[in-house]
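Report on the following structure.
Derivation of every value follows stated rules applied to the coordinates shown; laboratory data play no part. It should be emphasised that the depicted structure is a prediction, and the values quoted were computed from it without experimental measurement. Positions of Cβ are backbone-derived with ideal geometry, glycine not excepted, and every protein chain shown enters the neighbour counts.
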Amino acid sequence: MLEKPVSPVTIPSLQGKKESGEKIVALTAYDFPTARIIDEAGVDIILVGDSLGMVVLGYETTIPVTMDEMIHHTKAVSRAVRRALVIGDMPYFSFHLGVEETIANASRFLKEAGAKAVKIEGASKKRLKLVEAMVEAEIPVLGHVGLTPQSLYRFGQYKVRGANREEAKGIVADALNLESAGVFGVILECIPRDLARTITSRLRVPTIGIGAGPHCDGQILVFHDLVGYSNGYQPKFVKKYADLQAVIGQAVRTYAEEVRQGVFPDETHSYHRTRKKGK
Ligand code: KIV
């Protein structure tokens with residue numbers, strides 16, 4: 001049977017959504033089957049986030065995640081996706097040594113892994129120069145401000161950013177500077193909802209919120225949090241739409257019981273020898 005043609009989500013189409021007021025739906029994914037399911041469910045953006053390290057690889061933070069791990073998982077996601085825009089996340093220390101190294105790493109997401117864009121955390125002066133250089137090298141870039149998990153050791157903990165006036169002013173400036181440097185959108189993570197509303201109204205490019213309230217142009221969540229498939233701490237902004245941990249645990253317990261009792265495999269799950277004619 002022929003597959004129905006799909007029109008892929010593009011960067012101009014995301015910009016169109018901001019202009020028309022249609023919300024952008026984004027989620028993370030790290031593997032083929034999940035990416036296929038969420039793409040077919042109509043998500044607009046699939047981010048292969050460096051949250052990979054914490055939700056899939058068992059690291060305590062995102063800091064140890066490597067470029068090779070990111071490329072490996074982005075390839076799997078890209079192979080599955082037909083419609084959504086796949087974005088690869090630049091992991092810690094993939095863009096800290098200079099412009100050349102940054103472009104070499106960012107371009108791997110496009111050339112090797114099938115992503116259409118990259119995301120980078122932060123908006124320091126040096127970071128803005130990197131964004132400009134990537135955009136100049138035809139690599140579309142999504143910015144990320146507010147809580148930036150790769151800065152964990154500088155800030156000491158994961159917590160809401162921009163709660164005081166000084167920090168809020170800084171985050172507005174970060175978002176505006178990223179826009180001037182050429183990003184096609186900005187993730188706003190863990191900031192007060194009114195601050196996200198101000199930024200969203202001041203930017204021409206779309207904002208995608210996570211823990212930033214309802215006024216952003218779009219929303220993103222970590223897939224494993226959304227479906228209840230993560231062991232770690234759940235921030236206040238996570239809404240759990242399913243409890244996969246319970247479903248999987250129950251399925252495995254039932255399987256174990258059936259194997260131990262000789263109930264599985266039964267007749268319908270066993271093969272039979274075919275008999276030769278005349279025997
Ligand atoms: O790594 C990630 O998944 C992210 C999102 C939470 C925005 O950066």
Scan of the stretch 94-122 for residues that are among the charged types (D, E, K, R) and either within 15 Å of the chain's Cα centre (by Cα) or within 14 Å of the ligand (Cβ to nearest atom) (or both), ordered by number:
Lys116, Lys119, Glu121
Filter the stretch 61-95 for residues that are closer than 30 Å to Lys4 by Cα and hydroxyl-bearing (Ser, Thr, Tyr) and give the result.
Thr74, Ser78
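Considering Gln245, Gln234, Gln261, Gln250, which residue is surrounded by fewer than 17 Cβ atoms within 10 Å (Cβ to Cβ), over 34 Å from the mean Cα position of the chain (by Cα) and of a type in the set (S, T, N, Q)?
Every option except Gln261 fails the conditions.
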Need pairs with beta-carbon distance below 9 Å; first residue closer than 18 Å to Val65 by Cα and more than 10 Å from the ligand (Cβ to nearest atom) and within the stretch 145-158, second hydroxyl-bearing (Ser, Thr, Tyr) and outside any strand (DSSP E or B); sequence gap 6+ or separate chains.
Leu152/Thr61; Leu152/Thr62; Leu152/Tyr158; Tyr153/Thr61; Tyr158/Tyr233
Take the conditions within 30 Å of Leu142 (Cα to Cα) and not polar (S, T, N, Q) and apply them to Tyr271. Does it pass?
no
Kindly indicate the residue of the stretch 9-46 that is part of a helix (DSSP H, G or I) and within 16 Å of the ligand (Cβ to nearest atom) and also nearest to Arg204 (Cα to Cα) among those meeting that condition.
Leu14
